[in-house]
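Note sheet for the following structure.
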Amino acid sequence: SHLRPQVVKRTKTVCTYCGVGCSYDIWTRDRHILKVEPGPGPANGISTCVKGKFGWDFVNSPDRLRKPLKRVKTSQGETFVEIEWDEALQIVVDNFTRVKDQHGPDALGFIASSKCTNEESYLMQKLARAVIGTNNVDNCSRYCQTPASKGLSRTVGIGGDSGSIADIETAGLVIIVGANTAESHPVLATRIKRSHKWRGQKLIVADLRKNEMAERADIFLKPNPSTDEVWLQAVTKYIIDTGRHDQAFIDRWVNKWPEFQQSLEGYTLEHAEAVTGIPVAVLRQVAEDIIAADGVAICWAMGVTQHCGGSDTSTAICNLLLTTGNFGKPGRGGFPLRGHNNVQGASDMGSMPDTFSGYQKVDDAAIRGKFEAYWGVTLPVSVGLDNRQMIEAIHEGKLKSMYIKGEDTITSDASANDVADAFSKLDFLVMQDIFFSETCRYADLVLPACASIEKDGTFTNTERRIQRLYKILDPVGDSKADWEIIQLIAQKLGGAGGWKYTHPSEIMDEVADLTPTFAGVSYERLEGYNSLQWPVGEDGKDSPVLYTEKFALPDGKATFWPLQYVGPSEEVSETFDLHLNNGRFLEHFQQGNMTFRSKGISEITPQNFVEVSPELADERGLSSGRWVKLESPYGIVRVPVVITTRVTGKQLYMGMISVDDPVNKLTSLHVDRTTHTPAYKECSVRMTLLDELGPN
Ligand code: SF4
């Protein structure tokens, strides 16, 4: 017969969804994804979740951007037309140059993406700093995890998980605070479930909502909204007052012990009960379990960080771990669970307004000098604007142009209407994405990028593990890998000695040259399923557990960080009488830009909904499926109701996914006092019933 031989390829990749960093082989024939076959990968063994296994249809979606798009005016109004790359690049260069000449380099802002590779995040900050001359560069960790990194860097020095996922699995006690682990980090949750069920691991969960891990927990704490810091401090004080803290560890390793003890004055269990609503007896049991455990691992996520006190609560977690000697050894430690596949890497690579790669400070003259010598340019001295400050600067008329890659800022940032209003004032906005997002509607130019399986590079997962992904498919249409697009822009703008990267491995070589914590990282050492957890010495020795020899602060010691609790920025009132929490669903990722375009997944959870307690449903005469209008001082959404005992009383819960009405139309402009992460979880709304038939 004359049948064409079918070429089946099997290629290793790293999951594009969450920060667990599952790696697996994808079997393909042409552009058909035949199956996903787990590794075994270092983070996931032979497991994946529904997203990793079935969430790949989006790469072949007809909605993929295939050509650059330019906004044009027509007699019917404005629209987008397809153009060639040459014209697109010329538009970028003309406008960046014009804005820079008229208003200075700090009138431009750059947003890297935690969906993109390490190499691409590195190039984004290099473009901002070395070519344009501004430190206005940030990434979406500002929306989620920066407060967690702050808590760790304040106390122990490094803003990353202090151990590996394996250490969570082997800890005697796991405490999960403000994280929906079974849905947001499914494979990591499975490892905890196994230990809890078969190896006698204890599990304590603190959350507003009785999520799946809370159902399984030995103790479920349900604090009043925004009060975790208080019970953490009270439990710490109780351990100290009963003389069961680790005095030897503290004497040897931790500074500011007297100041810390003093700062806990007044944080009694009784006071904690009054503030948090958690009974004294339960808090005492939590303390006793911590004392008795052979290794405590505390995992946390956005239920902690997305508050006005997000950095402080993260710090309280670290203080508790230091008090009980739970750093520096396997089977224990502090574990912020990173959301996106490469949110850790985007920050590691210096897409931050205050740091180069490896958290080297931009305002340190010696470090800046090193980068200036290597790049052959003079670099900006002062710290740049973060995501949130960029939005404010647009309103103030100071920031005129932005380049955003792989982020739908309007639906991701808090208070979507305010962000949209800001973007409508921009002089020139370039978006770079795989789909035409809500934010693209405000762009002057949209550049088509590649999905992760269409390019080479590395991702860094929640446990600081750097892993290689390989190009499996060719780009769709005229789309290009993000690193290639950034390089084309840099080349056309000139300066910085010309960029000549022919492969992402050369970018990583440069990172290794300039970044002590990446000194020994190379593509040779990351081949296949090999991986490295930074810091990586020049000899290639990596660091599964941090602080085994010393802490990462100047004198090699950790430090307690005294805190004073400040209440939330926003509480329920007579007008806005319900508390609205938000988070992820198992099947979907963030707004669902990718998962809604994956058939098997969008069929399971086709749309967003709000969870309402049976008590509240009774009071308001609600039934599941009924549509309601939710209203906050910042906006309105319409959404159907699901009645569930996962939430209680006047607390609501809504997914982050957005088909039409994102939850972020309701969230406020309040931010974490230290890092400016929006306080997404401090949100009060009122609810009105709508016509039973639907959203109108
Ligand atoms: Fe992907 Fe996370 Fe699921 Fe693993 S747990 S398959 S990394 S979404």
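General observations
- Each 10 Å bin from zero up to the one holding the largest Cα-Cα distance in segment 146-337 carries the following percent of pairs: 10, 41, 40, 9, 0.
- Potential lengthening between Ser382 and Tyr470 on full extension [0.36 nm per residue; Cα-Cα distance subtracted]: 28.0 nm
- For the chain, the longest piece that avoids every one of the GluC sites (Glu not before Pro) found in DSSP loops with at most 12 other C-beta atoms within 10 Å covers 85-264.
- Were the residues from Asp509 through Tyr374 laid out at 0.36 nm apart, the gain over their Cα-Cα distance would be 47.3 nm.
- As a calculated quantity, the FRET efficiency between Asp618 and Lys361 at R0 = 60 Å, using C-beta atoms, amounts to about 0.60.
- Available extension along the chain between Gln285 and Asp86 is 65.0 nm, counting 0.36 nm per residue and deducting the alpha carbon span.
- Alpha carbon Rg of segment 437-501, scaled by the compact-globule rule 2.2 N^0.38 Å: 1.36
- Inter-label distance, Gln262 to Thr242: 2.7 nm, where each label sits 7 Å from its Cα along the C-beta direction.
- The count of lysine pairs in segment 146-337 with alpha-carbon distances below 19 Å, taking only pairs 8 or more places apart or on different chains, stands at 9.
- Between Gln102 and Lys629, the modelled label-to-label distance comes to 4.0 nm, taking each label 7 Å out from Cα in the direction of the beta carbon.
- ³J(HN,Hα) computed for each position of segment 433-445 - Karplus, 6.51 cos²θ - 1.76 cosθ + 1.60, integer Hz, glycine/proline x: 7, 9, 10, 7, 7, 3, 5, 4, 4, 9, 7, 8, 8
- Our coupling estimate for segment 127-144, obtained by passing each phi through the Karplus curve with A = 6.51, B = -1.76, C = 1.60 and θ = phi - 60°, is 4, 4, 7, 7, 9, 7, x, 9, 9, 6, 9, 8, 8, 6, 4, 4, 7, 9 Hz, Gly and Pro reported as x.
- D (Stokes-Einstein, µm²/s), Kirkwood Cα radius, the chain, 0.890 mPa s at 25 °C: 95
- Segment 186-195 - phi-based ³J(HN,Hα) in whole Hz, Karplus 6.51/-1.76/1.60, Gly and Pro as x: x, 6, 5, 4, 4, 5, 5, 4, 4, 5
- Taking the inverse of the mean 1/r over every pair of distinct Cα atoms in segment 1-91 gives a Kirkwood hydrodynamic radius of 16.6 Å.
- Long-range amide H partners of Gly295 with built H, under 5 Å: Gly172
- Segment 8-60 - Debye-derived log10 I(q)/I(0), Cα point model, q = 0.22, 0.24, 0.29 Å⁻¹: -0.75, -0.89, -1.21
- Virtual spin-label span in nm between Asp63 and Lys197, 7 Å along Cα→Cβ: 3.5
- FRET efficiency, 1/(1 + (r/R0)^6) with R0 30 Å, evaluated for Tyr529 and Gln607 via beta carbons: 0.20
- Charge sum, other residues only, whose C-beta stays under 14 Å from Pro544's C-beta, Lys/Arg counted +1 and Asp/Glu -1: -1
Just so you know, all these numbers are worked out from the coordinates, no wet-lab data involved. The shown structure was predicted, so the numbers you read here are calculated from the model rather than taken from an experiment. FYI the Cβ positions are ideal-geometry reconstructions off the backbone, even for glycines, and counts take in every protein chain you see.
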